[in-house]
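A.B. asks: Before I ask anything, let me first share the structure, which is written out below as structure tokens.
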Amino acid sequence: MKKRFYTLWENLIRASGFCSTLLVLSISFYLFREAYGLFRNSGVESGYSIFVHQSNPIQEFEPDTLRKIFNKDVRRWSEIGGIDERIEIFSLSDLEKKFKEEALGPDLQFVPEKVWEYSENKPAIIGYFPSKLLDSRHKTVAVRQIEFSDLVFGDSWFPASSPIASFGAASILLGSLWVSFGAILFAMPMGLVVAIYLAEIANPRMREISLHFIELLAGIPSVVFGFFGLVLVVPLLKDIFNLDQGESALAGSIILGIISLPTIISITQDAFLTIPKDIKASSLSLGATELQTIFFVLIPYAKSAIFAAMILGIGRAFGETMAVLMVTGNAAIIPESFFQPVRTITATIASELGEAPNGGIHYEALFVLGTILFVFTFLLNLIANFFVGKKS
Amino acid sequence: MIPKFLFLVLLLCSSARGNLYAQAIKVKGSDTMLPMMQLVVEAYLKKATNVDINLTGGGSGTGITALLDGTVDLAMSSREAKLAEKMKFKEKGAEIKFVPIATDALSVIVHPSNPVAKLNKDQLEDIFTGKINNWKEIGGTDSKIIVYTRESSSGTYEFMKENILDKREFAKDAISTSATAQIVFAVSQNKGAIGYVGLAYVENIVKPVAISFDGKEYIPPTFNNAAKGIYPVTRPLFVFYNAANESKVKGFLDFLLSVNGQKLITHKGFIPVNWQ
Amino acid sequence: MKESRVQKQKLITQKIAFGIFAAISFSVLFLSVLVVGFILVHGIMKLSPEFLFSKPEEGMMKGGILPAIVGTLLLVIGSSLVAFPIGILSGIYMNEYASKNYIHSTIQMMTNNLAGIPSIVYGLFGLALFVNSFGFGMSLISGCLTLGILVLPLVIRTTEEALKSIDDSFRWTSYSLGATKFETVFGVILPMAFPSILTSLLLSIGRIAGETAPIIFTVAAYYLPEISFSLSAQVMALPYHLYVMSTSGIDLNASREIAFGTALVLMILVLLLNLGLRLVKKFFQKRNS
């Protein structure tokens, strides 16, 4: 009896051991599962079709071209190789303005006829209607399905747009990278200096006190940092640099830098503290000053760990949500300067997930972003783990 | 052993309170409507016992989505339902009632020191789509126009897009905020900023702009102008619900539309809907 | 002669360099003071029994944040109940039962990676699995499961380290006295690891209480007039409340004040946990020496 009890427990323990592996696998599975549906879609609102005039030679639309047409960035068919006529956009709401409710029928059953009536003699027309309200007379045109390259290289992110949604995430991906690298640019040198100071120069009492402050910094929730950034950093930056607006990649980088500092400091400090004493001793005995020892002996010795700290710092910054959401301005533009607003992957998911209907295309697109985020941080972690283990 | 015991306790608690929660009316959606809804909820709960109401924001889009998914009872929306949404509801076999509960004037706001005090529809469209990006093009100082907008989940955003932007997209470099108050705060701090918020949110730290749709008469967004229908950018604020669920939400809805409920709505700066 | 002058120069450079290092270090430490101090100064006025123990009123302009405090408390308890049993058992497996082969290192790598996953990804996963797939909807159970998974790697790692640091001699002694592996692990080793487990509890409380992204889509509500303890209920939570207060509300001044108050409460929570950690370390250091 007791034996049965023990084996039961031991099996439970064994099962628990695999829980983290199981979790990683389930998370990957779910992310991919909810995401891949995006690539079977073209972005056109579900249940809707696009039609053109019989004489229009177009066989298939590129999603981006369609977007430009409906956003009135492309105004004439000649711009995309057609006749030199102004493109006329025609939709159900236009139809409702032209014909009375009775003419359309209570169940909208007369709509196909009315649509044909209106569009028959208009070669420059392009219409979007619920597919059920069109019939075989209308020349419906297919739209190419979204491909991964559209997502990664396209720079128009309009996920809820009608009739065609655009999922060009280039600006968002670059936004995340931009802010993360900016954060490291700020945090790495400072973190390194602090770690070296604490490990090599400061006396033990100083070291202990500093550790408390750093632990404190590490424990502050990111939403508090975001709030701090919103209320203090953003207005301050605007005043100091005389900017048009304080919400910027710079604000994001500063806050993220502060958030990643504890990580960088503790890993680097640990690395320095575990350097064998004789390495330092031999350098000093050869006549080098402590400063020279640090720069020419210790840092090179710990360079793997320092690199790992940097990678983990980037990972931490890349995955941060609330702080960037509150200070970067969330504008989906390709970042060219630190003074411009940016939009990160994390902020996009956090802002938009609530309105994305479960299983819809917007939902799938956000899961694709989430997958990219997951894979990227996973890779960063692998790299960092590899370098933490290395001793040069 | 202790975890097991705690779990049992929790389970007991949940079954006790759970009944009340199961009956809780879940309300979700428009950020614009949150503060006024909260006031009404507080007042209603003082009258009606044995009822609980949960209020969550996130933008009109989130409320409509949740109603579609069946996870809420009332969706707050500062815009009409899109045709596509209506069709989705139909597909699910749900009959949705759209109840206007207040009227709101959409105000375009700028910094108090901005010399520009009136704009026509075309100018507004060009500013918010990014076509015009310097204030001097519309009679202001030579400085960049910083556009503040809401996220796409916002009913206010959709309303702006439909009615002012002629369905075009906002400028890509417009700064996206998650809630109205952020826009008010940002515009109050930024001389070159322009944004759009519900009338109720306009404080004296920002300046609302008079708007004209015909280029002749410029009408400032005031409570009276909006109530009389003179101000061109008014919109009804709605509550959507599934007709099948009517009995659960009827009490609260009736209170919303009653004299007292509407008084509270007015108290927060919104225009009451005509009640019988 | 020449040598000493060069040496002197080097020493001066070093002194300057070290001075700069110290200055930079102090400014980093000053940063933490800045953040804490700023919130303290602006939030202290709001802190009163009324704020802490009453519900929000007047459209969030008056009243307090009690539901948010209670909600955070519930999330902490629930998530810990999810994470600790599994996490501790997992740590025990890794250190006491698993053979140190390549499966072991793979699992360790997986745990490390789990620790590095951004919190919003946990939010996505929680939404997809608990809220949608399992059908729990936005509820306390969804939130606790999501946050529990988030904090799991922390628990596993701390348990592993704690067990590793206990010298094997204790295990041999126990075995030699006739105890089974089970009795040794649970009766001797685990109790010895208690201070570390306490530490990891405090750390995870801090983590859970501060997370916003995972709870936005799994449990958080803007306003709950009644505080309910049901597993299927939504809750208000401090970090979400801070986020909402700092970005919405009609009267900017009033909501800002409440936001500062909420931030301060969170900050105080963090400070208390920090203090708790230090006390635990000191107490058990004394006991062990």
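No value in this document is a laboratory result; all are computed from the given coordinates. Remember, predicted model here, so these are calculated numbers, not experimental data. When we count neighbours, we look across all protein chains shown, and the Cβ atoms used for this are built from the backbone with ideal geometry, even at glycine.
A.B. asks: For A:Ser49, enumerate residues with amide H under 5 Å from its amide H, sequence gap 5+ or separate chain, H modeled in the peptide plane.
C.D. replies: Amide H neighbours of A:Ser49: A:Phe129, A:Ser131.
A.B. asks: When we measure straight from the Cα of C:Lys181, which lysines land under 20 angstrom away, once same-chain ones fewer than 8 places off are left out?
C.D. replies: Leaving aside lysines fewer than 8 places away in the same chain, those within reach of C:Lys181 are A:Lys2, A:Lys3, C:Lys100, C:Lys164.
A.B. asks: Under the rule a/c < 1.5 gives rounded, and otherwise a/b versus b/c splits prolate from oblate, where does the protein assembly as shown land using the Cα gyration tensor? Mind dumping the intermediate values first?
C.D. replies: On the way: a/c = 1.76, a/b = 1.52, b/c = 1.15.
The shape class here is prolate.
A.B. asks: Taking neighbour counts of Cβ atoms within 10 Å as a proxy for exposure, in what order, fewest first, do B:Asp126, B:Asp254, B:Asp142, B:Asp73 appear?
C.D. replies: On the way: B:Asp126 19, B:Asp254 11, B:Asp142 8, B:Asp73 23.
Listed from fewest to most nearby Cβ atoms, that is B:Asp142, B:Asp254, B:Asp126, B:Asp73.
A.B. asks: Applying the Karplus parametrisation 6.51 cos²θ - 1.76 cosθ + 1.60 with θ = phi - 60° to the phi angles of region B:37-45, what ³J(HN,Hα) value in whole Hz is obtained for each residue in order, glycine and proline being reported as x?
C.D. replies: Each residue's phi maps through the Karplus curve to give 4, 5, 4, 5, 4, 4, 5, 5, 6 Hz.
A.B. asks: Distance in nm between label sites at B:Lys86 and B:Glu217, each 7 Å beyond Cα in the beta-carbon direction?
C.D. replies: Distance between label points: 3.0 nm.
A.B. asks: Does anything in region B:41-55 have its amide N under 17 Å from the 7 Å Cα→Cβ label point of B:Asn260, and if so which residues?
C.D. replies: Within reach of a label on B:Asn260, which here means backbone N under 17 Å from a point 7 Å along Cα→Cβ, region B:41-55 contributes B:41-53.
A.B. asks: Next question. Using packing as a proxy for protection, rank A:175-185, C:274-284, C:26-36, A:151-161 so that the peptide with the highest average count of other Cβ atoms within 10 Å comes first. The partial results should precede the final answer.
C.D. replies: On the way: A:175-185: 24.0, C:274-284: 14.6, C:26-36: 17.5, A:151-161: 19.2.
With the highest mean Cβ count within 10 Å placed first, the list reads A:175-185, A:151-161, C:26-36, C:274-284.
A.B. asks: Taking a point 7 angstrom from the Cα of B:Ala244 along the C-beta vector, which residues in region B:48-72 have backbone N less than 11 Å away?
C.D. replies: Counting backbone N atoms under 11 Å from the label point, the list is B:70.
A.B. asks: Express the relative contact order of region A:48-144 as a whole percentage, based on alpha carbon pairs under 8 Å and six or more residues apart in sequence.
C.D. replies: On the way: 122 pairs, mean separation 52.3, N = 97.
After rounding, I find 54 percent.
A.B. asks: Over all residues in C:102-114, what is the mean tally of Cβ atoms on other chains that come within 10 Å of each residue's Cβ? Walk me through the numbers before you get to the answer.
C.D. replies: On the way: counts 0, 3, 1, 0, 1, 6, 2, 7, 8, 6, 6, 13, 8.
The mean count of partner-chain Cβ atoms within 10 Å per residue comes to 5.
A.B. asks: Which of the peptides A:90-103, B:189-202 is most tightly packed, and how do the rest follow, judged by the mean count of other Cβ atoms within 10 Å per residue?
C.D. replies: Working: A:90-103: 13.3, B:189-202: 23.6.
The peptides rank, most packed first, as B:189-202, A:90-103.
A.B. asks: What residue among A:Gly191, A:Gly43, A:Gly354 shows peak mean-square fluctuation when chain A is described by a Gaussian network model with Cα springs under 10 Å?
C.D. replies: A:Gly354
A.B. asks: Divide by every residue of chain A the summed helix terms, -39500 (n - 2.57) for each DSSP H run of at least 4, and state the resulting mean residue ellipticity at 222 nm, rounded to the nearest 500 deg cm²/dmol. Write down the numbers at each step before the final one.
C.D. replies: Numbers: 18 runs with 222 residues, N = 392.
One gets -17500 deg cm²/dmol as the mean residue ellipticity at 222 nm.
A.B. asks: From Cα pairs below 8 angstrom and at least 6 apart in sequence, can you work out the relative contact order of chain A, rounded to a whole percent?
C.D. replies: Working: 560 pairs, mean separation 80.8, N = 392.
The value is 21 percent.
A.B. asks: Pull out a ≥ b ≥ c, the square roots of the eigenvalues of the alpha-carbon gyration tensor of chain C, then state rounded if a/c is under 1.5, prolate if not and a/b is larger than b/c, and oblate in the remaining case.
C.D. replies: Details: a/c = 2.07, a/b = 1.12, b/c = 1.85.
The shape class here is oblate.
A.B. asks: Continuing with this model, one more query. So what is the 222 nm mean residue ellipticity for chain C from helices alone, if each DSSP H run of at least 4 adds -39500 (n - 2.57) and you divide by all residues, rounding to the nearest 500 deg cm²/dmol? Intermediate values should be presented prior to the final figure.
C.D. replies: Values: 11 runs with 200 residues, N = 289.
Theoretical 222 nm ellipticity from helices: -23500 deg cm²/dmol.
A.B. asks: Only Cα pairs under 8 Å and at least 6 apart count here; give the relative contact order of chain C as a rounded whole percent.
C.D. replies: Dividing the mean separation by the residue count of chain C yields 25 percent.
A.B. asks: Just to be sure I understand the model, the point goes 7 Å from the Cα along the line to the Cβ. What's the resulting A:Ser55 to B:Ala227 distance in nm?
C.D. replies: If labels sit at A:Ser55 and B:Ala227, their model points lie 5.7 nm apart.
A.B. asks: I want to verify a result. In a Gaussian network model of chain B, Cα cutoff 10 Å, which of these has the top mean-square fluctuation: B:Lys28, B:Lys131, B:Lys47?
C.D. replies: B:Lys47
A.B. asks: Continuing with the same structure: Nearest 10 degrees, 0 to 90: what angle lies between the long axis of helix A:170-196 and the longest principal axis of chain A (Cα atoms)?
C.D. replies: Tilt relative to chain A: about 10 degrees.
A.B. asks: Find out how many positive minus negative residues lie around C:Pro225, taking Lys and Arg as positive, Asp and Glu as negative, among other residues whose Cβ is under 12 Å from that of C:Pro225. Spell out each step's value before the answer.
C.D. replies: Details: positive: B:Lys46, C:Lys55; negative: B:Glu42, B:Asp52, C:Glu57, C:Glu226.
Combined, the nearby Lys, Arg, Asp and Glu give -2.
A.B. asks: For an R0 of 60 angstrom, estimate the FRET efficiency from the Cβ-Cβ distance between B:Ser113 and A:Asp270 and round to the nearest 0.05.
C.D. replies: Values: r = 53 Å, r/R0 = 0.88.
The formula returns an efficiency of 0.70 here.
A.B. asks: Quick one: helix A:303-318 against the long Cα principal axis of chain A, what's the angle to the nearest 10°, folded into 0 to 90?
C.D. replies: 40 degrees
A.B. asks: Contour minus end-to-end for B:Lys97 and B:Lys144, with contour as 0.36 nm per residue of separation and end-to-end as the Cα-Cα distance? Walk me through the numbers before you get to the answer.
C.D. replies: On the way: separation 47, 0.36 × 47 = 16.92 nm, distance 4.41 nm.
That works out to 12.5 nm of additional length.
A.B. asks: Let me ask something else about it. Tilt of helix B:246-257 relative to the longest C-alpha principal axis of chain B, in degrees (0 to 90, nearest 10)?
C.D. replies: 40 degrees
A.B. asks: Along the Cα-to-Cβ line of B:Glu162, 7 Å from the Cα, sits a label point; which residues in region B:125-156 have backbone N less than 20 Å from it?
C.D. replies: Label zone hits: B:125-126, B:128-129, B:149-156.
A.B. asks: Could you give the length gained on full extension between A:Leu286 and A:Ser131, defined as 0.36 nm per residue of separation minus the Cα-Cα distance, in nm?
C.D. replies: Answer, rounded to one decimal: 47.5 nm.
A.B. asks: Could I ask something else about it? By count of other Cβ within 10 Å, fewest leading, how are C:Thr218, B:Thr222 ordered?
C.D. replies: On the way: C:Thr218 28, B:Thr222 17.
Fewest-to-most ranking of C:Thr218, B:Thr222: B:Thr222, C:Thr218.
A.B. asks: Set the bar at 19 Å for Cα to Cα. Now go through B:Lys136/B:Lys167; B:Lys228/B:Lys263; A:Lys68/B:Lys121 and name every pair that lies beyond it. Walk me through the numbers before you get to the answer.
C.D. replies: Numbers: B:Lys136/B:Lys167 26 Å; B:Lys228/B:Lys263 17 Å; A:Lys68/B:Lys121 22 Å.
Check vs 19 Å cut-off fails for B:Lys136/B:Lys167; A:Lys68/B:Lys121.
A.B. asks: Among B:Val184, C:Val244, which comes first, second and so on when ranked by fewest other beta-carbon atoms within 10 Å?
C.D. replies: On the way: B:Val184 23, C:Val244 31.
So the ranking, lowest neighbour count to highest, is B:Val184, C:Val244.
A.B. asks: Which value at 222 nm does chain B reach when only helices count, each DSSP H run of 4 or more adding -39,500 (n - 2.57), with the total divided by all residues and rounded to the nearest 500 deg cm²/dmol? Don't jump to the answer; show the numbers that get you there.
C.D. replies: Values: 10 runs with 109 residues, N = 276.
Calculated at 222 nm, the ellipticity per residue is -12000 deg cm²/dmol.
A.B. asks: Calculate the mean, over all residues of peptide C:7-14, of how many other protein chain Cβ atoms lie within 10 angstrom of the residue's Cβ.
C.D. replies: Mean inter-chain Cβ contacts per residue within 10 Å come to 3.
A.B. asks: Between A:Asp239 and C:Phe182, what's the calculated FRET efficiency when r is the beta-carbon distance and R0 is 56 Å? Round to 0.05.
C.D. replies: Working: r = 65 Å, r/R0 = 1.16.
Calculated transfer efficiency: 0.30.
A.B. asks: Using the Cα gyration tensor of region B:143-221, with a ≥ b ≥ c the square roots of its eigenvalues, what is the shape: rounded (a/c below 1.5), prolate (a/b larger than b/c) or oblate (neither)? Please list the in-between numbers first.
C.D. replies: On the way: a/c = 1.38, a/b = 1.06, b/c = 1.31.
Rounded, since a/c falls under 1.5.
A.B. asks: Provide a whole-number value for the mean count of partner chain Cβ atoms within 10 Å of the Cβ atoms in peptide C:230-242.
C.D. replies: Details: counts 13, 8, 6, 9, 6, 1, 3, 0, 3, 7, 3, 1, 6.
Averaged over the peptide's residues, the number is 5.
A.B. asks: Something else: For C:Phe194 and A:Lys2, FRET efficiency with R0 = 30 Å and r from the beta-carbon atoms, rounded to 0.05? The partial results should precede the final answer.
C.D. replies: Details: r = 25 Å, r/R0 = 0.85.
Calculated transfer efficiency: 0.75.
A.B. asks: Can you list the lysines whose alpha carbon is less than 28 Å from that of C:Lys8, not counting same-chain residues fewer than 8 positions off?
C.D. replies: A:Lys277, A:Lys280
A.B. asks: Quick check: net charge around B:Val273, other residues with Cβ under 15 Å of its Cβ, Lys/Arg +1 and Asp/Glu -1? Numbers along the way, then the final one.
C.D. replies: Working: positive: B:Lys97, B:Lys228, B:Arg235, B:Lys263, B:Lys268; negative: B:Glu80, B:Asp104, B:Asp254.
Combined, the nearby Lys, Arg, Asp and Glu give +2.
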